[in-house]
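These notes are about the structure you will find just below.
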Amino acid sequence: MNRISIVLAAVVAFSFVFTGFFSRGLRSPLLSAIWKIQHRHMEKEHKNSLEQDLKDIFDIFPWDDIRFIVGKYIKFDKQIDNTITFFKDHRKFIWNALKKIPHFQLFIFILNELELKVDHLVEKFEQFASSLPECNNTEEKIKSGGLSEMIHQILIIIPREKLHILLCEKVKNSYNFRTLLLLLNSQQFLQLCKSIKMNAELQRHFYWANENGIEIIFASELLIRLYIYLIQNIYIDNYVNGN
């Protein structure tokens, strides 16, 4: 069972839906924009690595409760079991297809430059996945479950107000975290999504996921809502409009 594979597949689905919402109007070219923010208010900047910034953010999440919810659905929900099985079978092919995309390689390079050890992040996902139970097909299934219900239960227990305050502080005071949001708001990110959408191999996996009844569209739409929140409510409202 590999939880990072679900993240990769969600990235693929996100790209298919994202390009339908945002075909134009993103910010200036990435490298020039990074150069500009690098020279603004540097004396106020926190020198944290991006990895430390993300750790500060993730520490707010009630991981024991999240692990319990996810574990319950893995054990008793057939759709979640199907989702995990599908991406367990397809994850290597998805990852290999992504690595062939130049914009994806660029993003990995930039994340490493921002001091986010991508390999270490993958290892953390693996550790989380290994702590989860296996599916138990002999037990009674959750009647109204599936990915959407599981995510809904997780969102209820996340301290959103506290998380919002921290994200606002990070975008104002951390160069590396702000650059991450700039990266997501760049023309290069749109090109990455377009490249993923046009990739024939990834299109096949997207089709097969839909055919297997996996809520891939729900996952991608959820990521789009997160994207809009991070760019508009965090990056633009607190940094672009605030300076």
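The values are calculated or read from the model by the stated rules, or taken from the named source; none is laboratory data. All figures in this text were calculated on a predicted structure; none of them were measured in a lab. Note that each Cβ is placed from the backbone with ideal geometry, even for glycine, and that neighbours are counted across all protein chains shown.
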Query - Any helices (runs of 4 or more DSSP H) falling wholly within the stretch 1-106 and containing at least 3 residues that are modelled with pLDDT of 80 or more - result: 50-58, 63-76, 78-99
Report summary line: Counting only helices (runs of 4 or more DSSP H) wholly inside the stretch 160-232, the ones holding at least 2 residues that are in contact with a Leu (Cβ under 7 Å, 6 or more places away or on another chain) and in contact (Cβ under 8 Å) with a residue 24 or more places away in the chain are 175-184, 187-198, 216-228
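Quick check on the stretch 148-159: of everything there that is assigned to a helix (DSSP H, G or I) and of a type in the set (A, V, I, L, M, F, W, C), which residue is nearest to Lys72 (Cα to Cα)?
Kept after step one, since they are assigned to a helix (DSSP H, G or I), are these residues of the stretch 148-159: 148-157.
From the residues that got through so far, the ones that are of a type in the set (A, V, I, L, M, F, W, C) too are 150-151, 154-157.
Details: Met150: 9, Ile151: 12, Ile154: 12, Leu155: 16, Ile156: 16, Ile157: 15 Å.
My answer is Met150.
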